[in-house]
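Colleague: One structure is given below, represented as structure tokens, and several questions about it will come after.
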Amino acid sequence: MKFQFNRKAAAVILLVAAVFLLIVNLLIRHFDQQEETEILQTDLTTIQIDSLFLFSLYSFGLSNDWIKEVRNKNTDKSYIVKLPIDLSIPVVLTEINSNLFESNLIISSVEKDFSGRTRLTISNEDRIILSAEFKYDKEIFRTAITLGFIIKNYELSGSEDSLLLELPEPFSVSLKPSLENTKRVNYIIDLGKTYSIFIDDEIPDLKYRLNESYSEKRLIGSLKSIITDYVNATFFIIDDNSDLYLSPSFDYIRRELEIRKISILRLSEIQQLNDENEIDLKNLFDNQIKETDDKKEKIFFVTADEFRTLLPEIERYRKTGVKIVHPSEINKVADNSD
């Protein structure tokens, strides 16, 4: 018996099969999403809610003395929280909401008076689990550390270097005087960043080279070329282990920079991390912050890759009150005449 292939019937069968598979796929996705939603909408215990609430507060660098637990028969946990005036209550409430987002809790807040005093309640359908009153206190202050960052060995050699300049973080890039780098300064300025000049014994181009064996006239000529071609440099960094710095010739350079009110920063005054391991780099950075006394300033000299790695840490410390500024705003640069 000869088999006859019916194209029309086959097409109908394939169409029906395709529709069937589509419906099955949609049903699977629906149940997966429903299951995922059920997983996300978790029931937290009072201890977990309290821990997430306190974690939210401590992420802003609040002191234990500013968070007072009080008795309240209507709730399991109740607090009075004092905030410094540089930290907005709405910002803190947003953080608490974010940390409790994947739960089925009801979070509400009411501003009590014109001073900003606000009452927060965290509850489920049956009862209030945690309540807190937030108020500003002009007598308390968070850590007032100020940090600046200088990107070393900056070359603008790829798209990642270009994207780095577009970050909103304030920083300066360090450039060694060269004919090639003169082509980069306008681009750096156009993207709202600044640059500093790095001086050592390894300046490549003869036009800008500074050598301890040069005569005063030749040294001053090279220095004037640097100052003219890099007129927007915010300050100069000198390697104080270089032969140039350790020689009497540097006195000529120092004098010329002082006359023009150009700040000089010694390399030894800048903190370098120099660690290729990401975890060790972050730990070293954390230790440097912890060792910095309140109301002190510190400048970090880092590579572009190190800076990218540290960006989450920088943001975390900014939340605690640490200020990130352009290096030229730090006193040791602004007031330094060496």
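Colleague: Using θ = phi - 60° and the Karplus relation 6.51 cos²θ - 1.76 cosθ + 1.60, list the HN-Hα couplings for the stretch 75-82 in order, rounded to whole Hz, with x at every Gly or Pro.
Modeller: 9, 6, 10, 9, 9, 10, 10, 9
Colleague: Going down the list Lys135/Lys323; Lys298/Lys323; Lys176/Lys224; Lys193/Lys290; Lys73/Lys138; Lys261/Lys323, which pairs span over 19 Å between their C-alpha atoms?
Modeller: Details: Lys135/Lys323 23 Å; Lys298/Lys323 11 Å; Lys176/Lys224 15 Å; Lys193/Lys290 28 Å; Lys73/Lys138 30 Å; Lys261/Lys323 26 Å.
Too far apart for the 19 Å limit: Lys135/Lys323; Lys193/Lys290; Lys73/Lys138; Lys261/Lys323.
Colleague: In debye, nearest 20: dipole of the stretch 108-255 around its Cα centre with unit charges on the Cβ of K, R (+) and D, E (-)?
Modeller: With only Lys, Arg, Asp and Glu charged at Cβ, the dipole is about 500 debye.
Colleague: Turning to a different aspect of this structure: Collect residues whose amide H, placed 1.01 Å from N in the peptide plane, falls under 5 Å from the amide H of Ile129; neighbours closer than 5 in sequence don't count.
Modeller: Ile122, Ser123, Asn124
Colleague: Taking a temperature of 4 °C and a viscosity of 1.567 mPa s, what whole-number D in µm²/s does Stokes-Einstein yield for the stretch 146-334 with Rh from Kirkwood over alpha carbon pairs?
Modeller: In µm²/s, the coefficient rounds to 75.
Colleague: Counting Lys +1, Arg +1, Asp -1, Glu -1, what net charge surrounds Pro248 among other residues with beta carbon under 13 Å of its beta carbon?
Modeller: On the way: positive: Arg254, Arg255; negative: Glu212, Glu216, Asp243, Asp251.
Overall, the nearby charge balance is -2.
Colleague: Can you list the HN-Hα couplings for the stretch 296-310, worked out from phi with the Karplus curve (6.51, -1.76, 1.60; θ = phi - 60°), rounded to whole Hz and with x for Gly and Pro?
Modeller: Along the stretch 296-310, the couplings run 9, 10, 8, 10, 10, 10, 10, 6, 4, 5, 4, 5, 4, 5, 7 Hz.
Colleague: Please list, in order, the residues from the stretch 111-144 whose amide nitrogen is less than 17 Å from a point placed 7 Å along the Cα→Cβ vector of Lys68.
Modeller: 117-120, 131-141
Colleague: Return the loop-located chymotrypsin sites (Phe, Trp or Tyr not before Pro) in the stretch 101-160 (DSSP other than H, G, I, E, B) with at most 15 other Cβ atoms within 10 Å of their own Cβ; answer none if there are none.
Modeller: For chymotrypsin sites (Phe, Trp or Tyr not before Pro) across the stretch 101-160 that sit outside H, G, I, E and B with at most 15 neighbouring Cβ atoms in 10 Å, the list reads Phe101, Phe114, Phe141.
Colleague: Now for a different question. Residue separation times 0.36 nm, minus the C-alpha to C-alpha distance between Glu133 and Arg218: what's the value?
Modeller: 23.7 nm is the gain from fully extending Glu133 to Arg218.
Colleague: Right, something else. What's the extension gain from Ser247 to Asp43 if we count 0.36 nm per residue and subtract their Cα-Cα distance?
Modeller: Gain on extension, Ser247 to Asp43, equals 66.4 nm.
Colleague: Within a Cβ distance under 13 Å of Ile80, other residues only, what is the Lys/Arg minus Asp/Glu net charge?
Modeller: +4
A short reminder: the numbers here are calculations on the coordinates, not readings from a lab. No experiment lies behind these values; they were computed from the predicted model shown. Note that we place each Cβ from the backbone using ideal geometry, even for glycine, and neighbour counts take in every protein chain shown.
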